[in-house]
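Values quoted throughout were computed directly from the atomic coordinates according to the rules given, and no laboratory measurement underlies them. Remember, predicted model here, so these are calculated numbers, not experimental data. Here the Cβ positions follow ideal geometry from the backbone for every residue, glycine too, while neighbour counts run over all protein chains shown.
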Amino acid sequence: MEHIKFTKMQGLGNDYIYVDCLSGSPANLASLAREMSDRHKGVGGDGIILILPSCDADFKMRIFNADGSEARMCGNGARCVAKYVYDNNLIKKLHVTLETLSGVKHLFLKPGHDGLIESVTVDMGLPSLLTEVIPVDFCSETFVDEPVAVDADTSLRFTAVSMGNPHAVCFVSSPDDVDIEYVGRAVEFNRLFPDRVNVEFAQILSRHEIRMRVWERGSGVTMACGTGACATVVAAVVNGLVDRDVTVHLDGGDLTVEWREVDNHVYMTGPAVTVFTGVYNRQSQGN
């Protein structure tokens, strides 16, 4: 039996199981993610995040979704990694670099009155609207306000954005009126998106406010998605619906997102919370 120490953390209800792998990593990570993420038989979460050493940054992050697939980037997860390494005295500076499959990210930490990290701003880097980058199997360079078939009778209009991972954003009168499980699953696996896609449903409240719900690739409906919030703001700006600094209201709470003109980078700010720590007793190491 393998004993795996973990910390359950959440950013706006987007909850992951964090495993400190600075001295070594468990085996069969896809299987481990499925086991630990099970909300009835495991710890429960949207996936697992491994904190690893890096040659190119202060730390490295690997993300495995609840279905065992590996994700390239997670904004909420990155903020929680920053909190973990600071609060556990693995680093004592307020500017942390983090290697991800989407490149090295810069994180700026804000302690609370107790000295522990309360919120984190993540430089999410440059968004991309190019279909070959996202990717989208489409004949034009961009995929902006284009129809996507949900089923034989229904199509909705989406704008595709990469934040280091693929997103399809649909602007609706109210995301609460959308069957997110049905539509999200259908769009995630639509042939237009060869690597599958995260799906956001967004309501424009004002030039500086958006209400958004999300279907995450590999995890399903989640309470928040940091990269999704960023992609939604980019899509809204491109469609002329909002200004470049926006508060995004998600099921789990609020994120502030700014797509800065000075460097064209997207900056996301939000909380990071430690829920509990424990040890997972792994019975087997299946595939």
Query raised in the report: In region 93-127, what residues are farther than 17 Å from C230 by Cα, in contact with a helix residue (DSSP H, G or I) (Cβ under 7 Å, 6 or more places away or on another chain) and in a loop (DSSP other than H, G, I, E, B)?
Result: L116
Requested in this report: Find the residue count for region 145-175, including only residues that are in a loop (DSSP other than H, G, I, E, B) and buried (at least 17 other Cβ atoms within 10 Å of the Cβ).
Outcome: 5
Query raised in the report: Do we have any residue at all in region 81-103 that's within 26 Å of R191 (Cα to Cα) and in contact (Cβ under 8 Å) with a residue 60 or more places away in the chain?
Result: yes
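Could you check region 212-236 and list, in sequence order, the residues that are among the polar types (S, T, N, Q) and farther than 12 Å from S162 by Cα?
Filtering region 212-236 for residues among the polar types (S, T, N, Q) gives 219, 222, 227, 232.
S219, T222, listed by residue number.
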**Report entry** Some residue of region 114-122 being under 14 Å from the mean Cα position of the chain (by Cα), crowded, with 18+ Cβ neighbours inside 10 Å and within 30 Å of E141 (Cα to Cα)
**Finding:** yes
